[in-house]
Amino acid sequence: MEDQLQKAFDIANYTTTLAGLKRVLFEEYKQQTVYFYNGATFKVSRELINFVKTLIDLKQTDAVLIDDNNLPVDIADLRKFLENILNVYTLAVNEFQTKYNALRSNRSVERLIDL
């Protein structure tokens, strides 16, 4: 009975630690998706990427976008802006995936904490 109780505590400790580390990884990911441009702050998301791509597809070369602080920002070169935000997004997602896969492969609290 005591072994089963200890095993239950170990599992609960592992799942709690794993959930906490997943939250930390996601917060790091969100911080890495912040892009600063011309004094403005943009949180890079698929929606922003798709919106800028749509503007480019509609033959726009420049545009005014609203940043995360609800301020208008003149984007002089939409293609360059799209390239930059795609780079920010890709790097952040790839790092998130790498770290998340490392978490998933560790099956003990001690190994999780060592990451």
Checklist entry - Looking at LEU48, is it touching a strand residue (DSSP E or B) at 6+ places or on another chain (Cβ under 9 Å) and at pLDDT 95 or above? => result yes
Checklist entry - Here are some conditions: (1) buried (at least 16 other Cβ atoms within 10 Å of the Cβ); (2) farther than 23 Å from SER105 by Cα; (3) hydrophobic (A, V, I, L, M, F, W, C). PHE51 meets all but one. Which one does it not meet? => result (1)
Checklist entry - Just to be sure, is GLN6 more than 30 Å from VAL88 (Cβ to Cβ) and either exposed (fewer than 11 other Cβ atoms within 10 Å of the Cβ) or not hydrophobic (A, V, I, L, M, F, W, C) (or both)? => result yes
Next on the checklist: Just to verify a result, which residue in the stretch 66-93, among those that are of a type in the set (S, T, N, Q) and surrounded by fewer than 11 Cβ atoms within 10 Å (Cβ to Cβ), is nearest to the chain's Cα centre (by Cα)?
Outcome noted: ASN69
Item to check | Among the candidates ILE56, ILE11, residue that is surrounded by fewer than 16 Cβ atoms within 10 Å (Cβ to Cβ) and under 20 Å from ASN101 (Cα atoms) | outcome: ILE11
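Of a type in the set (S, T, N, Q) and in contact with a Ser or Thr (Cβ under 7 Å, 6 or more places away or on another chain): is that true of ASN69 in this structure?
Yes, satisfied.
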Checklist outcome for this item: Note on the stretch 1-43: residues of a type in the set (S, T, N, Q) and modelled with pLDDT of 95 or more are GLN31, GLN32, THR33, THR41
Next on the checklist: Can you confirm whether ALA40 is under 18 Å from the mean Cα position of the chain (by Cα) and hydrophobic (A, V, I, L, M, F, W, C)?
Outcome noted: no
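The values are calculated or read from the model by the stated rules, or taken from the named source; none is laboratory data. These numbers come from a predicted model, not from an experiment. In this analysis, Cβ positions are derived from the backbone assuming ideal geometry, glycine residues included, and neighbour counts consider all displayed protein chains.
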